[in-house]
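Bear in mind these aren't lab numbers, they're just calculated from the coordinates by the rules spelled out. These numbers come from a predicted model, not from an experiment. Counting neighbours? That spans all protein chains shown, and the Cβs are built from the backbone with ideal geometry, glycine included.
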Protein chains: 2
Amino acid sequence: MSTKPVDISQSFVRDLPAAVPKYAGFPKYNFVGGHNDPANVPVEALRAAADAVIAREGRTLATYGLESGPLGYRPLRTWLAEKLKAHAGMTCSADEIMITSGSLQGLDLVNALLVARGDTVIVERDTYGGTLTRLARAGANVVGIPLDEHGLRIDALKAALEDLKAKGIRPKYIYTIPTVQNPTGSVMPLARRRELLALSQAYGVPIFEDECYSDLVWSGERPPALYALAEGQGVIFIGSFSKSVAPALRVGYIVAKWEALSRIQALKTDAGSGALEQMVLAEFCTKHFAAHVPVLNKALRAKLVTLMEALSENFGTSAEFSDPPGGIYLWVKLPDSVDTQHLFQVAAAAGIAINPGPEWSTDKAYAKSRLRLCFANPSHETIRAGVAALAEVCAKEFGVPTRIANVKKS
Amino acid sequence: MSTKPVDISQSFVRDLPAAVPKYAGFPKYNFVGGHNDPANVPVEALRAAADAVIAREGRTLATYGLESGPLGYRPLRTWLAEKLKAHAGMTCSADEIMITSGSLQGLDLVNALLVARGDTVIVERDTYGGTLTRLARAGANVVGIPLDEHGLRIDALKAALEDLKAKGIRPKYIYTIPTVQNPTGSVMPLARRRELLALSQAYGVPIFEDECYSDLVWSGERPPALYALAEGQGVIFIGSFSKSVAPALRVGYIVAKWEALSRIQALKTDAGSGALEQMVLAEFCTKHFAAHVPVLNKALRAKLVTLMEALSENFGTSAEFSDPPGGIYLWVKLPDSVDTQHLFQVAAAAGIAINPGPEWSTDKAYAKSRLRLCFANPSHETIRAGVAALAEVCAKEFGVPTRIANVKKS
């Protein structure tokens, strides 16, 4: 018998995603990813929460699911039910909330429930890149609906639904990020939410509502969730603590009626999400969440202002953007001559990470000269230096901006 | 337009797993699940670990992956590399270890890497039920290999490999739990490990080695892992902290050469496993793991003795089992007249949860009168009372045992 080592790559399934490169640390100017402001991680309160909850309930770690069952730690679900009522107008019980490992696991589970190869789904034209890569991998046909400053355009949605209906296609869902849209930052007004819901009902297409950024509204006010307006019928909702407390805590949640949640639970084969994170969050949130979020938002808003000022200073009129009402990112339009997928590469070589528009859009041509810049993690100083460095790279590669800080580029 | 609520079940994909029932709490006599001994959760040490690590590194929670990249918290991976060297003879760097949300996520990721619908895989005839349900859902053809008191039978494996080869089928992997086999508890001796590896190499079939119970060996001694003997070539290894520290902490790991790990990383779309759990575990393990495990094992061994005594007392010669060298479960043979899937149902009605053999075996006829009893979680008193209750139910339903505690059943 041979004793040649087994070549495991011979056993790989077809169509795997490409191998990842080895991690080489964060770039110097990191304008990507949902990272948050290190200064606003509530370290002392989390420390106290961990100490109290481990002392009080540590022995329950001996059981999967603690004593709360597979939906997740009950005190966290109970707090969430109250929070979602007060914040988003949602009426749901703790038994209609499932804790997930970040809202990303929620995304995967909802897709597993609803999307088979060849199915059609509707998304916002500009949307979270991770949703687009997941749907591509799932073999879905993705229809993107244009946006305006209030989010998803209802006229365009109606036309798309009508067009699909004429073709005999019923989309599996309308995926929307109505509250702090990713990447545009818009908050959909109440009237449009009602119109969206009416279309969902008229065409029998469920809504998949992603609220992972909805705590980060500067004013602290937001319209009711679509889930609230629909009283949960025909809507699945996902949320997260990543943006409002800390992204490394992988705690998100799904809200759905039991008919759907009982199926999603069957698809969640990980024996529960991390208990310690859930316990610490429940302890923290009960005492501190309401006070924490406005402080965080003030800091984020200040960083956004720094980013907008740095863009205006370094790109002048070459960079177009609106002042979003919340979030951790800015969606920026550069001159048409700029290809942001190419800019992404030359910027990376200069230690600057950006999200090129086409990765965040179903319309690659529309998004060609757009990019997303995340501002929560870098310091004010790094934001300023990073934008200046990006302008230098962009000017060198594309000839725009022609002036940086009023110095004409030769 | 209609305003009828959308019926979301119309959008469900086909072939979903059945809806789960609502959680109704743990049964009175809970002999299922990988739960552990509440008295041996190291509460005070975990509390101190949480306090220290949050104080020192809490601000890094602002970034996904902390500052360690997508493979997981580096201090935990570094500690694991040392632990796997000392304990299992494995040579691997921290960059060949990926932290997962329990070893169950590891199981899912390895299957996503290697198993497509219609593929053939080899498993131990009696094996972890969750592996069997996953493989059924993945559409794999599962070939079970009989076991003896030393684990996987090499003669039977060779015959199966030869048979498949004659049919032109190369299995995607040989899945084995060589160290504290689930459910039999056996530990495969070194010589047999070498034979298994030789067959893997001769037939070009990778080994998928599951070591989630391997810390729980009463003697504290175990042969080198297959991964160690193969120097990592053609072997993927998964492990867990669930059984040795606490199951509610969802922290497991995959060890693999970068060729495979770089592909697995691309399949792991959850933006990292829970950071707080990783940080607390790293802090705890560095100081306390080595001392903690023997104390836990002593307590588990004592519970096993209680279970075996209770079985002998209540079932007499009707219950056959061997005294396993480690683990948290006992694989029990009842008389042929007992159908444990039926026993499962009548026992559940009496508040007793058991794993019926057919759910833990590829050979449903072989396993018909077998069952798995987990003993780590219930107290000594509950073990005794639960086994007595099970004997009552079994006698009533199947006429065996005919005597319970020397009292003849009429």
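Check cross-link reach from A:Lys368 to the aspartates and glutamates: straight Cα distance under 17 Å, and skip same-chain residues fewer than eight apart.
A:Lys368 reaches A:Glu124, A:Asp126, A:Glu320, A:Asp336, A:Asp339, A:Glu359, A:Glu397.
Treat each spin label as a single point 7 Å out from the Cα along the C-beta direction, and report the A:Thr286 to A:Gln10 distance in nm.
For A:Thr286 paired with A:Gln10, the spin-label model returns 5.8 nm.
Can you tell which of A:Ile169, A:Ala266, A:Ile236 lies farthest toward the positive end of the dipole of the stretch A:43-288, using +1 and -1 charges on the Cβ of basic and acidic side chains (Lys, Arg; Asp, Glu)?
The residue sitting most towards the positive pole is A:Ile169.
I need the phi-derived Karplus couplings for the stretch A:319-336: 6.51 cos²θ - 1.76 cosθ + 1.60, θ = phi - 60°, integer Hz, Gly and Pro marked x.
Rounded to whole hertz, the list is 10, 10, 6, 9, 8, x, x, x, x, 10, 8, 10, 9, 10, 9, 9, x, 4.
Please state the shape class of the protein assembly as shown: rounded when a/c is under 1.5, otherwise prolate if a/b exceeds b/c and oblate if not, all from the C-alpha gyration tensor.
Prolate, since a/c reaches 1.5 and a/b exceeds b/c.
Mind scanning A:Lys268/B:Lys268; A:Lys243/A:Lys364; A:Lys298/A:Lys333; A:Lys333/A:Lys396; B:Lys243/B:Lys303 and naming the pairs with a C-alpha gap bigger than 22 Å?
Cα-Cα > 22 Å for A:Lys243/A:Lys364; A:Lys298/A:Lys333; rest within.
Please compare each pair in A:Lys287/B:Lys22; A:Lys85/A:Lys158; A:Lys172/A:Lys257 to a cut-off of 19 Å on the Cα-Cα distance and tell me which ones are over it.
Exceeds cut-off: A:Lys287/B:Lys22; A:Lys85/A:Lys158.
Tell me, what ³J(HN,Hα) does each residue in the stretch A:93-108 have, in order and in whole Hz, if you take phi through Karplus 6.51 cos²θ - 1.76 cosθ + 1.60 with θ = phi - 60° and put x for Gly and Pro?
8, 4, 7, 9, 10, 10, 7, 10, 7, x, 5, 5, 5, x, 4, 5
By DSSP, what percent of the beta bridges with both residues in the stretch A:43-288 are antiparallel, rounded to the nearest 5?
Once the DSSP bridges in the stretch A:43-288 are tallied, antiparallel ones form about 45 percent.
What list of ³J(HN,Hα) values in whole Hz, one per residue of the stretch A:139-148 in order, does the Karplus curve 6.51 cos²θ - 1.76 cosθ + 1.60 (θ = phi - 60°) give from phi, with Gly and Pro shown as x?
Running phi through 6.51 cos²θ - 1.76 cosθ + 1.60 with θ = phi - 60° gives x, 7, 8, 10, 10, x, 9, x, 10, 10 Hz.
Among A:Ile254, A:Ser219, A:Ala353, whose Cα lies farthest out toward the positive end of the dipole of chain A, if unit charges sit on the beta carbon of Lys, Arg (+1) and Asp, Glu (-1)?
Of the listed residues, the answer is A:Ala353.
Could you tell me which GluC sites (Glu not before Pro) in the stretch B:190-238 are loop residues by DSSP with no more than 13 other beta carbons within 10 angstrom of their beta carbon?
Here the sparse-neighbourhood loop sites are B:Glu221, B:Glu231.
Which of the GluC sites (Glu not before Pro) found in the stretch A:86-168 are loop residues per DSSP with 13 or fewer other Cβ atoms within 10 Å of their Cβ?
A:Glu149
About its Cα centre, how strong a charge dipole does chain A have in debye, to the nearest 20, once Lys and Arg get +1 and Asp and Glu get -1 at the Cβ?
Here the size comes out at about 440 debye.
If you put +1 on each Lys and Arg Cβ and -1 on each Asp and Glu Cβ, how big is the dipole of the protein assembly as shown around its Cα centre, in Debye rounded to 20?
520
State to the nearest 20 debye the size of the charge dipole of the stretch B:43-288 about its Cα centre, where the only charges are +1 on K and R beta carbons and -1 on D and E beta carbons.
That gives the stretch B:43-288 a dipole magnitude of about 400 debye.
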